[in-house]
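Scroll down for the structure; my scribbles are underneath it.
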Amino acid sequence: MAKEKGSQGLTRVREIYQDRSRRVEELKAEGKKVIGYLCIYPVLEMMTALDLVPYRILGDMREPITKADFCLPNIVCPFLRSCLDLGLKGKYDFLDGVVMAHICDVGEKTAHIWHTYLNPPYFHFIDTPHTVHKAAQKQHKELLKDFKKTLELFTGKELSPGRLKEAIKAHNQQRALVRELYDLRKPDPPLISGTETLQVMVALMSIPVDEGINLLRQVISEVKKGKDGPQKKTRLLIWGSIIDDIALIKMIEGLGANLVMDDTCVGSRAYFSDVELTDDPLDGLAYRYLVELKCPRTFREAVFGETKKDYMTDLESRFSYLKDYAKEWDAKGVILQSVRYCDSHGYEVPGVKDYLDHIGLPNIYLEHDYSEAALAPLRTRVQAFLEVIG
Amino acid sequence: MTKVVILDRDEEIQARVVGPTGAEHRRLANKVMEEALEQANLSFAEISYVIATGYGRINVSFADRQITELTCHARGVVSLFPTVRIAIDIGGQDAKGLKISNGKLIDFVMNDRCAAGTGRFLEVIAATLGLKLEELGEISLKSTNKVKISSTCTIFAQQEVISRISEGTPLEDIVAGVHDAIASRVVKMVRRLKIEPDVVFTGGVAKNVGVVYAIKENLGCEVLVPEEPLLSGAIGAAILGKELTLKALAKGETIQRKERHLEEVTFFS
Amino acid sequence: MTNEKKRKTINRLQTMYPLRALIDGMYQRSVEASKAGKPTAWCMVNWWEGDIILKAMGIDAVYPEDYGAVCAAFGAAPAYLDRSDSDGFPTHICGYARNCIGYTALMTDLGEIPPEAPMGGMPKPQLLLSSDGLCDARYKWFQALGRYLDAPVWTLEIPHPGVKESLIEGAYQHDINFIVEELREFVTFLERLLSKKMDWAKLDELIGNTIEMNRIWHEVNQLRKAKPCPMHSRDFWSSMPASLYIAADPKATANLYREMYDEVKGRIDNKVGALPIEEKYRLAFVELPPWHSLGFFNQLAERGWNFVYESWNYHPPKPIDLTKVSDPLERIARYTYQWLTGYYQGAFKAEEWWGYFAYPYLELVRDFKCDGVFLHPLLTCRTATNHLMLVQDRLMKKLKVPSLVVEGDIVDLKLFDPADALRKAETFEETMDYYKKVRKEEGFDW
Amino acid sequence: MDWFMGIDIGSGTSKGVIIKDGKPVAYHLLPSEANYRAVAQKLSEELLAKVGLSPQDITYTIATGYGAASVPFSNQQVADIRCCAKGISSLFPSVRTVIDVQEMSSQVIRLDEEGQVTNFVVSEKCAAGSGRFLKIIANVLRIDLNDIGPLSLKSKNPITFTTGCAVFGESEAISRVSEGMSKEDILAGVHKALANKISTLIDRVGLEEQCAISGGGGLNVGLIKSVEEKLGVQLLVPPQPQLVTALGAAIMAQERERLVASL
């Protein structure tokens, strides 16, 4: 992109990570419209196809929550509280619109509160189903049709299947490049650290897809040259709720580990599944954005409509991909982490642990308050975990 | 508390010193270290390896290496009780449960998120009751009908204790209740490791016979307590230090060491 | 329940007792059924969506959420909570879930219902029927029970559209179709699980009776607009399970509600309120009460506090005519959907976007002329809590009605502090007095 | 007779005030310690001695605060929030918002011209939102509680406590010290943290000037400064902030007719 002021690759990534909204605010100045989206369930392709810039709404674990308390109590997900807090402090005022989905209860409440108090020019709520039943898939497509209607109303443009397919191709291309980048974490030592990878992911979620593609290309070629990459250290996989700040990753890697793979939503969850190009593009989108996304907010069964449940089969069907990740990226242990008060992940923990113990993969569960300072008490746990798996 | 243990190569204790820990970690580490050297009557240069552990480990400027208290406690406890499977350690800052399988730490749980269930809890209560920490144990054993402390938070438990007193509840019953509160909290946490004998109880709080009793009650099994429960972590650290040194020597590697001097650090000029 | 005062501070309805008794029958029936080798199910509250179908298939269900309240009231909960915690479930998850997980773990260890289990306990189920209605903890929780039970989990979907989105052309229809198709799959599944066919005629009749039962129950509660309010929330909570769980034959239950209607109507005609003394303050109670210290309401009653309405989500939907809908499953779908979206028209007119859970209080507090709202955030129930601050803020802005916040929990007895609550309540009276004045000045009619 | 007594048994300190014609004529403070009954008794003896009265001379006594139930000689108990409002408006009739920072909790009270509570919010059961947090940190830093205010004013760049818990806060303070942070920066940080907590309470009930501070927190110039900065308002500070609630209780005793009527 001409606009990218010379600096490229990882330098550019760091610039964007430091000042996420700068690029979209430039684009706004050029007359583009920017739509904020929460979590990974809103369909990006539909926005891109209408020449809107999707911009991921994230929290800030370095900023104390002060404004959100009057409408979202402090016993709910601190990440969502932080997002709302930033919104109420005007940090997201540059957004022309906001789209949120029924990711979980608190996510749903956050959406309505956002709509009530911040009432952006465009607001849409996608009531994403919580099962993957056939009926749910069909419903999801209907919901995307509704989304399409309000988007068209807002932009005054028609969302044609042709443009949508173009957008799908673009986003699939970006996803392929992300996976290519993740492949560079397979060698020992990995060619890129977990910390830098996270910065890349955050950057991608802050700029238009085409710019993201170019950025990824530059990053990949730089990383392949492999200068000043990480040292050999204990290889770990990290699972759990959102990580949108390098603080935790940096701390873990600083204690003598390389995070070589993740199962989180500012990471593999957002990029590891493509959208199938179906005749009616909405079919592929409806399927991918309901069935293929890995967040535990969705209820899954080993065998749909089974009449007797077998625990291990159930765990296998829900978590075997973690075994594959561990194998492919040669992880020696797994860090399970979740922000406090996250039900979707909280209920999942004993199950994941049972599975990992079953396949003999050492693991530790860390719970944190989505606050940089409150990460300190985790140091000793992580260090001891590394001493244990030695 | 800051503890120093100096071992010789036969793991004989040459010096053991316990001093308070305050805001000034580093300065105290230095002070206690000097005492220990005096006791062992060694010069600092003669110490082959120094391992720092515990909450303030990063602040021990002269340590050759930092290792977490979890690993060190495990090692220390194993050296004292080779048959240990579960070690419970309650210190001033935190409480830990260690699962040990043939001498190695395999799993652990810890609480450092909240003062309840740590020694701090007892300190606060003792102060509230105008008692010395050491007195609590004996007093509680007199209790015939211990009270139930319903608040978890230390600070609110303290209020509860105060109102109990003004209600005229016998002191021993209150203290016994407090001991049960901390014990049940810690035991509940440690149960996640699936309790197997032998269970060893260490840390400053293990000096309190009342808590030892409460822990036994809550576990429903015996617990072993070392003579000097406070030192197991330091002993473990020293043993690990020795092992690292011998391993290095065996391989003929040179050992990375910090300079052997206690730089004076003064924050509070 | 526990520490109930003998002195009469609230005029309880006589017609409440037979309704309250039905819930005990629910547990007995289920245990007997299981002894007799008949299939039993554990259900999440699903607002009649799945209950009627189970009934038609002859399954006696119990509701672990209700059982959480039972265990709290009988003081059996702490042991179960501890077990859940030590099995590695976070301590911040739903209190009912911890209670149920602990209970189930214990039952699995023992191979039988734990001897000390209140109400004879919940028997080992053949089916776990969860729902994503209102709260996603409820299907995560049943999923987690897989650790202890081999019963399959079926999760019922209930759409939660936003107010605006629900009015997009075609949205209503696809939401209904969605539920209908889900229910059809569910029926097929049940037929396979129980290897017997659905008796559609019986289902059709049950639906009719359930809707009629709830219509009368709704009418009973409408009477509470009267001043003084003839029925206290405590009578609501005691009578609610009969409707919410279809604890007995809906036709028989309908008659009990009818009798309750007559008793309440009689009180109104004779100007008798739920309090023996003057009704000084009318309050709405939002969320579930502290089951283990209900005596607290007597102390408030002594101060002239009457509780005239409760969380809308424990009430039946606004009446809706479904007689023209022929497909029984579609009738269920429309009925449950009406329960969730019944206030959407009003919300849209008022241009209030605060969502299906919070908005109804705007209409309820206005229609029942409440002086204040008692918010009871349940520290381990996020779903019940996450919208309360919003309710508090909007009611103040829109209606000049203040809210009193008193933290508590549904199972963890430690979290509710009656002394502290009373201290706040005493002060809250001055606040309610003040806003009475303000509402007068601003031309509100109460 | 026209002497009235207000007794405020707080979790930290117990305070008593005697008024005549609405004017305080004697006050006394004692640490609450363990036995509330004893403290209450001692408190009233000291008070009576100061004005040379005997218990019979007191027409009416109202007890309030955490230990109000343990004041055997009181005629009535009233919630501290109401007493606080009453007390502050007798000192500053223009006050519409009062921030009451106590040992165990903080509360923000909105009041009308008669000192009637129009709205209020009490901090959650969390020591970090109360004066207790300050005590804990002062203790860690080995500084007298009375000195932390002035000392914190020296701070150039206060540290940020992002942690929401007093116990965390303590550990965090310890490690900040060992990182070489100055005591004044840490103290200023604590005050900032508490000020943040207070402003979130304010967000719930709204801020209407004039605004005053009461309770032990009112003795701490450091806290007052950070609250003023955070809220952008001047705080009115009574000469004896920790006595406000006891004073209010005494005044209510005088106005008991209204109270009796309302019961």
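The values are calculated or read from the model by the stated rules, or taken from the named source; none is laboratory data. Quantities reported herein were computed from a predicted structural model and do not represent experimental measurements. With ideal geometry, Cβ positions are generated from the backbone for all residues, glycine too; neighbour counts draw on all protein chains shown.
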inquiry  = Condition first: in a helix (DSSP H, G or I) and touching a residue at least 12 places away in the same chain (Cβ under 8 Å). Can you find one or more residues in the range C:369-381 that meet it?
reply    = no
key: In the range A:85-108, the residues that are within 11 Å of another protein chain (Cβ to nearest Cβ) and either in contact with a helix residue (DSSP H, G or I) (Cβ under 6 Å, 6 or more places away or on another chain) or assigned to a helix (DSSP H, G or I) (or both)   = A:Asp85, A:Leu88, A:Met100, A:His102, A:Cys104, A:Asp105, A:Val106, A:Gly107, A:Glu108
request  = Could you tell me whether C:Glu191 is of a type in the set (D, E, K, R), surrounded by fewer than 24 Cβ atoms within 10 Å (Cβ to Cβ) and modelled with pLDDT under 95?
outcome  = no
inquiry  = Among (1) modelled with pLDDT under 90; (2) outside any loop (DSSP other than H, G, I, E, B); (3) not basic (Lys, Arg), there is one condition D:Ala249 misses while meeting the rest; what is its number?
reply    = (1)
The range A:341-360, subset over 21 Å from A:Ile249 (Cα atoms) and free of Cβ contacts under 8 Å to residues at least 24 places away in the same chain, residue nearest to the other protein chains (Cβ to nearest Cβ) = A:Pro350
key: Residue check, C:Thr253 free of Cβ contacts under 8 Å to residues at least 24 places away in the same chain and over 25 Å from C:Phe357 (Cβ atoms)   = no
request  = Go through the range D:40-67 and give me each residue that's within 14 Å of another protein chain (Cβ to nearest Cβ) and either touching a residue at least 60 places away in the same chain (Cβ under 8 Å) or surrounded by fewer than 23 Cβ atoms within 10 Å (Cβ to Cβ) (or both).
outcome  = D:Gln41, D:Lys42, D:Ile62, D:Ala63, D:Thr64, D:Gly65
task = State all residues of the range A:112-149 that are within 7 Å of chain C (Cβ to nearest Cβ), part of a helix (DSSP H, G or I) and either under 21 Å from the mean Cα position of the chain (by Cα) or of a type in the set (Ser, Thr, Tyr) (or both); if no residue qualifies, say none.
result = A:Thr116
ask   = Taking the range A:279-299, which residues are within 18 Å of A:Glu142 (Cβ to Cβ) and either part of a strand (DSSP E or B) or β-branched (Val, Ile, Thr) (or both)?
value = A:Val291, A:Thr298
message = Which numbered condition in (1) within 28 Å of C:Gln28 (Cβ to Cβ); (2) outside any helix (DSSP H, G or I); (3) facing another protein chain (nearest Cβ under 9 Å) is the only one that C:Met198 fails?
response = (3)
ask   = Which of (1) surrounded by fewer than 19 Cβ atoms within 10 Å (Cβ to Cβ); (2) more than 11 Å from chain A (Cβ to nearest Cβ) does C:Glu169 not meet, given it meets every other one?
value = (2)
key: From B:Leu80, B:Leu105, residue being within 14 Å of chain A (Cβ to nearest Cβ) and either out of contact with any Gly (no Cβ under 9 Å at 6 or more places or on another chain) or surrounded by fewer than 22 Cβ atoms within 10 Å (Cβ to Cβ) (or both)   = B:Leu105
note = Taking the range D:96-109 and keeping residues modelled with pLDDT of 95 or more and surrounded by fewer than 24 Cβ atoms within 10 Å (Cβ to Cβ) leaves D:Arg96
note = Matching residues in the range D:150-161 (buried (at least 21 other Cβ atoms within 10 Å of the Cβ) and either at pLDDT below 80 or at the interface with chain A (Cβ under 9 Å from one of its Cβ atoms) (or both)) number 1
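Looking for something within 14 Å of chain C (Cβ to nearest Cβ) and touching a Cys at 6+ places or on another chain (Cβ under 9 Å) - is there at least one such residue anywhere in the range A:306-325? Let's see the steps before the verdict.
Kept after step one, since they are within 14 Å of chain C (Cβ to nearest Cβ), are these residues of the range A:306-325: A:306-319.
Those still in the list that are touching a Cys at 6+ places or on another chain (Cβ under 9 Å) too: none.
No, the range A:306-325 contains no residue that is within 14 Å of chain C (Cβ to nearest Cβ) and touching a Cys at 6+ places or on another chain (Cβ under 9 Å).
When you scan the range A:302-314, do you find a residue that is buried (at least 22 other Cβ atoms within 10 Å of the Cβ) and over 19 Å from the mean Cα position of the chain (by Cα), even just one? Give the derivation first.
Of the range A:302-314, the ones buried (at least 22 other Cβ atoms within 10 Å of the Cβ) are A:314.
In the following step, the residues that additionally are over 19 Å from the mean Cα position of the chain (by Cα) were identified as A:314.
The answer is yes; a qualifying residue exists.
Listed residues C:Glu182, C:Glu212, C:Glu205; which is acidic (Asp, Glu) and within 14 Å of another protein chain (Cβ to nearest Cβ)?
It is C:Glu182.
Test D:Lys230 against the stated conditions and say whether it is within 13 Å of another protein chain (Cβ to nearest Cβ), among the basic types (Lys, Arg) and either surrounded by 17 or more Cβ atoms within 10 Å (Cβ to Cβ) or not in a helix (DSSP H, G or I) (or both). Give the derivation first.
Working: within 13 Å of another protein chain (Cβ to nearest Cβ): yes; among the basic types (Lys, Arg): yes; either surrounded by 17 or more Cβ atoms within 10 Å (Cβ to Cβ) or not in a helix (DSSP H, G or I) (or both): yes.
Judged against the criteria, D:Lys230 is a match.
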note = Quick count over the range D:165-216, residues being buried (at least 24 other Cβ atoms within 10 Å of the Cβ) and without any contact (Cβ under 8 Å) to a residue 24 or more places away in the chain, is 1
ask   = From the residues in the range C:385-431 that are more than 10 Å from every other protein chain (Cβ to nearest Cβ) and assigned to a helix (DSSP H, G or I), which one is farthest from A:Thr116 (Cα to Cα)?
value = C:Pro418
request  = Being among the β-branched types (Val, Ile, Thr) and assigned to a helix (DSSP H, G or I) is the filter; apply it to the range C:241-291 and report the residue that is farthest from C:Tyr67 (Cα to Cα).
outcome  = C:Ile268
task = Check A:Glu328, A:Glu372, A:Glu348, A:Glu367 and return the single one that is surrounded by fewer than 18 Cβ atoms within 10 Å (Cβ to Cβ) and within 22 Å of the chain's Cα centre (by Cα).
result = A:Glu328
task = Look at A:Ser338 and say whether it is within 12 Å of chain C (Cβ to nearest Cβ), among the hydroxyl-bearing types (Ser, Thr, Tyr) and either part of a loop (DSSP other than H, G, I, E, B) or crowded, with 20+ Cβ neighbours inside 10 Å (or both).
result = yes
remark   = C:Ile277 vs (1) within 21 Å of C:Phe307 (Cα to Cα); (2) in contact with a helix residue (DSSP H, G or I) (Cβ under 8 Å, 6 or more places away or on another chain); (3) surrounded by 17 or more Cβ atoms within 10 Å (Cβ to Cβ): all pass except (3)
note = the range C:25-136: helices (runs of 4 or more DSSP H) wholly inside it with 3 or more residues that are under 30 Å from B:Leu193 (Cα atoms) and more than 18 Å from the chain's Cα centre (by Cα) are C:77-86, C:95-110
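Mind checking which residues of the range C:277-297 are among the hydroxyl-bearing types (Ser, Thr, Tyr) and modelled with pLDDT under 90?
Within the range C:277-297, C:Ser293 is the sole residue that qualifies.
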request  = Might you let me know whether the range D:236-246 holds any residue that is surrounded by fewer than 21 Cβ atoms within 10 Å (Cβ to Cβ) and outside any loop (DSSP other than H, G, I, E, B)?
outcome  = yes
